[in-house]
Amino acid sequence: MSEVKIAAETRSEFGKGAARRIRRDNKVPGVLYGHGSDPVHLTLPGHELLLALRTSNVLIALDIDGKTNELAIPKSVQRDPIKGYLEHVDLQLVKRGEQVNVEVYVQTEGELAPGAFLLEHVLNALPVVAEATHIPESVTVSIAGLAAGDSILAKDITLPKGTTLDVDGETVVLQVLAAQAEESEGEAGEGDESAEA
C-alpha cells in the first residue's frame, strides 16, 4: 500500500465558474468527507494528484493549508470524457487501523487449457474490507489449465492477511467459456431468403 503526500488548500468558491478557474491553474477541485464531519472543499495540485491516482486504492496524506494532516482514499474520480484530465475528486477520510470497504483489481496469471476458450471477467474488481493503511492494490488468480465450464468464485481467491471479502463467497469472479463458432455464410443466406419470402 503506497502513501502519497499531497498539499491541499481549502476553497470557498463553488460552482462551474470557480471549478473552471481552478482547473485553468492546473489544479483539481475536490471534497473530503467522512467520520460524520462536515465536508471540506479542497483544491489539489493536478499533476501530483494524477500521478497518485495511477495506483489503485492509493492512500493520500493530505497537508491541508499547512495546518491539518489527514489520511484519505479516493472514492470517486471524475475525468473529462474526451481529454482525460481530472475534473473533480471525492476523498474519504480514514484513520490508521480503520477498516474500509474498497474494490481491488483482479489480475490473472497462467494460460487456459489448450483449445478455443475465452476468459470472462464477471468482476474486474473484488469488493473487500481492509485496514485503511494496508489496502492491497490487486489480487492475483491463477487460471492455468482452466477449460470451458470452469469458474473461480470469490471464496476461491486468496486474500492478503487482514483483508476479507465484502461479497458473497459464491459470487462468480471469472469463468471460462467455449468460443462460439461463427455461423457459416450458407446458413446465414438461407435464413435471409426465408425472411424475404
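The values are calculated or read from the model by the stated rules, or taken from the named source; none is laboratory data. The structure displayed is predicted, hence computed values, not measured ones. All Cβ positions, glycine included, derive from the backbone under ideal geometry; neighbour counts span all protein chains shown. Surface accessibility is based on the protein's heavy atoms, side chains included, excluding ligands, DNA and RNA. Shrake-Rupley method; radii C 1.70, N 1.55, O 1.52, S 1.80 Å.
Assorted remarks:
- Atom-type composition of the exposed protein surface of the stretch 1-119 places 48 percent of the accessible area on carbon and sulfur (1.4 angstrom probe).
- Only helical runs count toward this figure. For the chain, summing -39,500 (n - 2.57) over DSSP H runs of n ≥ 4 and dividing by all residues gives -4000 deg cm²/dmol at 222 nm.
- Every pair of different Cα atoms in the stretch 76-145 enters the Kirkwood calculation, which places the hydrodynamic radius at 15.1 Å.
- For trypsin sites (Lys or Arg not before Pro), the sites in the stretch 1-108 that DSSP calls loop and that have at most 11 other Cβ atoms within 10 Å are ARG54, LYS67, LYS83, ARG96.
- Net length available on complete extension from SER56 to LEU165 is 37.5 nm, with 0.36 nm assigned per residue and the Cα-Cα distance removed.
- Cβ-Cβ FRET estimate between SER151 and ARG79, R0 fixed at 35 Å, reported to 0.05: 0.60
- Folded to 0 to 90 degrees: helix 185-196 orientation relative to the chain principal axis, Cα: 90
- Spherically averaged projected area in nm², based on the convex hull that wraps the Cα atoms of the chain: 17.6
- Solvent accessible area, Å² - PHE14, 1.4 Å probe, full protein context: 110
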